[in-house]
Amino acid sequence: MHIPDGILPIGLTLGGWAAAAGITAICLNRIGAQPDPRAGLPRASMMTAAFFAASLIHIPVPPSSVHLMLSGLMGAMLGWYAVPAVMIGLAFQAVMFGHGGLTTLGVNGVILGLPALAAFALTRVLGGVRHPAAAALVSFATGAGAVLLAVALFATILLAGLPAHLDANAERAAITALALAHLPLALAEGIIVAAALGFLRRTNPEMIGAR
Amino acid sequence: MLSATAKSMTAWLAALLLAGPAIAHGAFVDVTAVDAIGIDARYDTGEPMAQAQVSIFAPDDPSQPWLRGQTDAAGRFVFTPDDRAGRWAIQVRQAGHGAMGYVTVGADGTHNVVMNAAGAGLSWAQRLLMVACVLWGAVGTALYFRRNRQTTVV
């Protein structure tokens, strides 16, 4: 789900930068309003490293492979810190491994940042869920839904920026195939977030939805 | 009977004359060896970019592709630039993934290939080391802010 440089028209890349800057500013503002904004930084730092490394872990989904995304886990674990963490992780991925690009950093930040915020919103709902099975289901939906939302954003942005000289049908078919290949990833990330939040519920329940 | 045969003969002759150009010429194939540019498109996992869309941009028109095509199942594509000197851009893309490459064709026909492939060609050991460096930085950041927090509390 990383759009590299040179794929999108300039308008979309600039729009992506503007949107990502706006979302990051809102998140930083919320973090700054907390009693101790530094309190969440150690966890945010470690999760950024996990997010950065996750893109190197490929899950084979024949005929190709997909890599872990973890934006749902970022949102669930970090809350408002998730978007700055995603932006930093994406910048490292672009510079070091060529995953994504610097011109498309904004667009990629939106593609992975918005699902992280959606996951955070769902985690807040989770705080009020008492039944363990219902809580597990909401946790699973948090992780799986984040992947599906990211895929939907990715496909929408790509189709909106499709240049006229490309064979639109072939590209649409390729995007559909890629989206379908992410369904097992949605399942896997749903399970990862359900396990992480399940553990947190047992050991540190006040942390869920508190950030 | 005779006139019917003559009629059909005339029709046949007319058809022969009308279709003349196609039948009257032989076909020749000139075979020449030319310098071609070969593209091998792969994902960083090593998988070929099969049936990916290829757009070739000539040096004087970077907005409209000079040639469009598709890679084969092994992610390969071959083309021969015309005699325009300058930087030819090659874009290969599939489902939002892709890369640009460039070939500079000199006035004397020499080629200089530049691929834009950040991160490509790194070995697993190099990747692991880079991840380890970032992890180390993250651990350091985490410990720094934990320490600050503890001293504030104290």
Would you kindly derive the ³J(HN,Hα) couplings of region A:170-176 from the backbone phi angles with the Karplus curve 6.51 cos²θ - 1.76 cosθ + 1.60 (θ = phi - 60°), listing them in order in whole Hz, with x for Gly and Pro? 5, 5, 4, 5, 5, 5, 4
DSSP loop trypsin sites (Lys or Arg not before Pro) in region A:123-173 with at most 10 other Cβ atoms within 10 Å of their Cβ, which ones? A:ARG130
Say we join alpha carbon atoms closer than 10 Å with springs in a Gaussian network model of chain A; which of A:LEU114, A:LEU187, A:LEU41 then has the biggest fluctuation? A:LEU41
Could you order A:ASP5, B:ASP35 so the one with the most accessible surface comes first? Probe is 1.4 Å. B:ASP35, A:ASP5
Magnitude of the charge dipole, the protein assembly as shown, Cβ model with Lys/Arg +1 and Asp/Glu -1, debye to 20: 1800 debye
For region B:51-61, in order, what is each residue's ³J(HN,Hα) by Karplus, 6.51 cos²θ - 1.76 cosθ + 1.60 with θ = phi - 60°, in whole Hz (x at glycine and Pro)? 6, 7, 8, 10, 10, 10, 10, 6, x, 8, 9
Bounding extents of region A:38-197 in its principal axis frame from Cα atoms, largest first in Å, are 53, 34, 26
Farthest toward positive dipole pole in the protein assembly as shown [+1 Lys/Arg, -1 Asp/Glu at C-beta], among A:SER45, A:ALA136, A:VAL151: A:ALA136
Using +1 at the Cβ of each Lys and Arg and -1 at the Cβ of each Asp and Glu in the protein assembly as shown, identify which of A:PHE92, B:ILE37, A:LEU8 lies farthest towards the dipole's positive end. A:PHE92
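The values are calculated or read from the model by the stated rules, or taken from the named source; none is laboratory data. Bear in mind that the values here come from a model prediction, so they are computed numbers and not experimental data. Don't worry about glycine lacking a Cβ; one is built from the backbone with ideal geometry, like all the others, and counts go over all protein chains shown. SASA here: full protein model, heavy atoms, side chains in, ligands and nucleic acids out. Shrake-Rupley method; radii C 1.70, N 1.55, O 1.52, S 1.80 Å.
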